[in-house]
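Q: Got a structure here, written out as structure tokens. Questions coming.
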Amino acid sequence: MQDFYLPIKTVHLSLAMISLLGFVIRGWWAINSSPLLERRWIKIVPHIVDTLLLTSAVLLMLILSQHPGNQDWILAKLIALIFYIGFGSLAIKRAPTASTKILFFGLAIATFLYIIGVAIAHHPASWLQLIS
Ligand code: HEM
């Protein structure tokens, strides 16, 4: 299983970047009320990417024997992921006006950047831990 650590980590990172890129594109469409958002595959593909992202996270946790129950930073990532999904859904679907969509879009991107900082620092303080 250890042999798979680096390849799975690369897949995890790549899927995280694909997820972010897809979210930025869909957020742009949502803010501009683009009909492209209504395409069937545009609604399905993000769920597949996010499921694979979580699957790669589970595999990494198994390989490292680290999980939300024994590592605060992984728990922080998991909680932040729930916020990212919630803000993202508000930005793309549920927020009523373009300005509220922009607000939740910004919050979702900020949460994503927090998650990357937590992943690199292995600490819930994220980027604050890295610069101190
Ligand atoms: C938006 C979601 C996510 C993003 C952007 C993200 C980003 C990253 C990044 C950048 C790394 C590499 C860190 C490094 O080696 O320096 C990483 C590793 C990792 N992530 Fe994620 N991740 C996400 C979701 C998750 C979730 C939900 C979990 C678990 C609940 C998780 C668990 C892990 C684990 C265990 C590692 C390996 C850490 C190590 O090699 O020491 N990730 N993640």
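Quick note: the coordinates plus some simple rules give every number you see, no bench work behind them. Owing to the predicted nature of the structure, the values given are computational and were not obtained by experimental measurement. Neighbour counts run over all protein chains shown; Cβ positions are idealised from the backbone, glycine included.
Q: Any chance you could list the semi-axes, whole Å, largest first, of the equivalent ellipsoid that the Cα gyration tensor gives for the range 91-132, using √(5λ)?
A: Output for the range 91-132: semi-axes of 28, 8, 5 Å.
Q: For the chain, take the longest principal axis of its alpha carbons; what is the angle in degrees between that and the long axis of helix 5-31, to the nearest 10 within 0 to 90?
A: That helix lies at roughly 20 degrees to the long axis.
Q: What is the range 2-131's relative contact order, in percent, from Cα pairs under 8 angstrom and six or more apart in sequence?
A: 23 percent
Q: Let me ask another. At Thr55 and Ala98, where each label point lies 7 Å from the Cα along Cα→Cβ, what is the point-to-point distance in nanometres?
A: Computed distance between label sites Thr55 and Ala98 equals 3.9 nm.
Q: Could you please tell me the mean projected area of the C-alpha convex hull for the range 2-131, averaged over all directions and given in square nanometres to one decimal?
A: If I average the Cα hull's projected area over directions, I get 8.3 nm².
Q: Starting at the first residue of the range 111-116, write each ³J(HN,Hα) from the Karplus equation 6.51 cos²θ - 1.76 cosθ + 1.60 with θ = phi - 60°, in whole Hz, x for Gly and Pro.
A: 5, 4, 5, 4, 4, 5
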